[in-house]
Amino acid sequence: MKIKINAESVDKIRIVAIIIVSLFVIVTGTLWSLNSFAKGDIAGAVTGGLIAITILVFAIFVYMRGNKDLREGYPLKDERSGRVLEKASSKAFYVSLYLLLAVGFLSSEGIIKFRDVSQAISLSMGGMAILFAVFWAYYHRKEI
Amino acid sequence: MKTRIKELRARYDFTQEDLAKKVGVRRETIVFLEKGKYNPSLRLAHDIARILKTRIDELFIFEDN
């Protein structure tokens, strides 16, 4: 038996999924921040806190906008927004490869000094997230 | 690419919101379509043409060089 799920239900599930993933990231960021603070690592505490606050703001924005769109009868995602997301994520991925290459080179040459591997990974992940946001904002306004 | 969406939408007294809801897209997609800044899928072009009671080739005008 095939169960049919309408587009509105899919959008509601999508909002709930985004909120759950966001909550995981907020909890992880908060734990990272508290743990770093307890060890006296102020940079780690600030980074973890910033991640938690950024994701919290993002989750509130997604929840409010998503609910408003659903109430007004618009889909959460349509073919244009999907295409923007695809282009932004693929470009962010390609450019972040160069970013990782540059980080690796600068680190091996001693130009950038990382405390440990987790700090290098955090910087790279932050860079990828910023690149994605920049490309999304660009393609959101551009002819595609 | 030029479109006649705005002209035909006005003829049937549809707002951008009305048309967006009828074809199941977000309002900004209709805005970009009317500006000629978005190439829709064949499915969306077909749906808009059907709602505006016209043909796809009358709705979207491609200017050859």
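Those helices (runs of 4 or more DSSP H) of the stretch B:1-62 in which 3 or more residues are open to solvent by 40 Å² or more (accessible area, probe 1.4 Å) occupy B:5-11, B:16-23, B:42-51, B:56-59. Could you list, in sequence order, all residues of the stretch B:1-24 that are facing chain A (nearest Cβ under 10 Å), under 11 Å from the mean Cα position of the chain (by Cα) and in contact (Cβ under 8 Å) with a residue 12 or more places away in the chain? Across the stretch B:1-24, the qualifying residue is only B:V23. Being within 30 Å of A:D116 (Cα to Cα), touching a helix residue (DSSP H, G or I) at 6+ places or on another chain (Cβ under 7 Å) and of a type in the set (K, R) is a property that A:K91 has. The residues in the stretch A:45-61 that are free of Cβ contacts under 8 Å to residues at least 24 places away in the same chain and closer than 23 Å to A:V117 by Cβ can be counted, and the count is 6.
From A:Y74, A:Y98, grab the single residue that is of a type in the set (F, W, Y) and within 14 Å of chain B (Cβ to nearest Cβ).
On the way: A:Y98 fails: within 14 Å of chain B (Cβ to nearest Cβ).
Just a single option satisfies the conditions, and that option is A:Y74.
For the stretch A:121-144, taking the residues that are loosely packed, with under 14 Cβ neighbours inside 10 Å and within 14 Å of chain B (Cβ to nearest Cβ), the one that is modelled with the lowest pLDDT is identified as A:E143. For B:R55, the conditions (1) within 14 Å of another protein chain (Cβ to nearest Cβ); (2) free of Cβ contacts under 8 Å to residues at least 60 places away in the same chain; (3) more than 25 Å from A:L70 (Cα to Cα) are fulfilled apart from (1).
Of these, A:L85, A:L101, which one is more than 30 Å from B:K37 (Cα to Cα) and not charged (D, E, K, R)? I'd like the intermediate steps shown before the answer.
Numbers: A:L85 fails: more than 30 Å from B:K37 (Cα to Cα).
Exactly one residue qualifies, and that residue is A:L101.
Taking the stretch A:123-144 as the search range and keeping residues that are without any contact (Cβ under 8 Å) to a residue 12 or more places away in the chain and assigned to a loop (DSSP other than H, G, I, E, B), which one is farthest from B:K35 (Cα to Cα)? In this case the residue turns out to be A:K142.
The values are calculated or read from the model by the stated rules, or taken from the named source; none is laboratory data. Note that the structure is predicted; figures quoted are calculated from it, not measured. We place every Cβ from the backbone using ideal geometry, glycine too, and count neighbours over all the protein chains shown. Just the protein is used for accessible areas: all its heavy atoms, side chains included, with ligands, DNA and RNA removed. Shrake-Rupley method; radii C 1.70, N 1.55, O 1.52, S 1.80 Å.
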